[in-house]
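The values are calculated or read from the model by the stated rules, or taken from the named source; none is laboratory data. Every value quoted in this text rests on a predicted model; they were computed, and no experiment measured them. Cβ sites come from the backbone with ideal geometry, for glycine too, and all protein chains shown count toward neighbours. Accessible surface areas use protein heavy atoms only, side chains included; no ligands, DNA or RNA. Shrake-Rupley method; radii C 1.70, N 1.55, O 1.52, S 1.80 Å.
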Amino acid sequence: MTINVGDKIPSVNFKQITADGMSDVPSDDYFKGRKVALFSVPGAFTPTCSAQHVPSYVSNAAALKAKGVSAIACVSVNDAFVMKAWGEAQGVGDEVEMLADGNGEFARATGLTLDGSGFGLGERSTRFSMIINDGTVSHLNVESNPSEMDVSSAEHMLGQL
């Protein structure tokens, strides 16, 4: 079953590398009491994700925050070390938080998975974006073709806010 507008975000733990090492980021805590722009990509360091998707959110971070977004987060089925390195390579700074869904628990719990085994990627998350208000999905944008970025862009999300 795929998550829908009006549904609560599933309770999972993301991983993140901080100055103190690897830490759990419980979804219940992360989304509680604020508006979050979340976008998901099939893989770190992949062409569309690196050339278009992350830069879309970095360049529009101020505009999203001006429309009431408290945080912008990128999630991918990659480990926390890869997500940290990718964020540094993309120059996300404090604009976008990189959340690792290393075991694909969030992807499976939302029903937004992608079979990337034909490319040697295994099960991944498909390309999508969500606006989450206090743990509840208020907008959901899922790409019909995960190799393209159209409805999951920051520009599209700005039009929804």
Can you run phi through the Karplus equation (6.51, -1.76, 1.60; θ = phi - 60°) for region 133-142 and list ³J(HN,Hα) in whole Hz, with x for Gly and Pro?
9, 6, x, 10, 6, 9, 9, 9, 10, 10
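Rounded to the nearest 5, what % of DSSP beta bridges with both residues in the chain are antiparallel? Each step should come with its number before you reach the end.
Details: 23 of 33 bridges.
Roughly 70 percent of the beta bridges in the chain run antiparallel, per DSSP.
Taking only protein heavy atoms and a 1.4 Å probe, what accessible area per residue, in Å², does region 6-161 have with all protein chains in place?
44
Rg/Rh for region 1-113: what does it come to with C-alpha atoms and Rh from Kirkwood? Could you put the intermediate results ahead of the total?
Details: Rg = 13.4 Å, Rh = 14.3 Å.
Rg divided by Rh gives 0.93.
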What 222 nm value per residue comes from the helices of the chain, counting each DSSP H run with n ≥ 4 as -39,500 (n - 2.57) and dividing by all residues, nearest 500 deg cm²/dmol?
-6500 deg cm²/dmol
What percentage of the solvent-accessible surface of the chain, computed with a 1.4 Å probe over protein heavy atoms, is contributed by carbon and sulfur atoms?
50
Please list, or write none, the lysines whose alpha carbon is within less than 26 Å of the alpha carbon of K15, excluding same-chain residues fewer than 8 places away.
K32, K35, K65, K84
With an 8 Å Cα cut-off and a minimum separation of 6 or more residues, compute the relative contact order for region 12-68 in percent.
19
List the trypsin sites (Lys or Arg not before Pro) within region 26-128 that fall in a DSSP loop (any state other than H, G, I, E or B) and whose Cβ has at most 16 other Cβ atoms within 10 Å.
K32, R34, K67
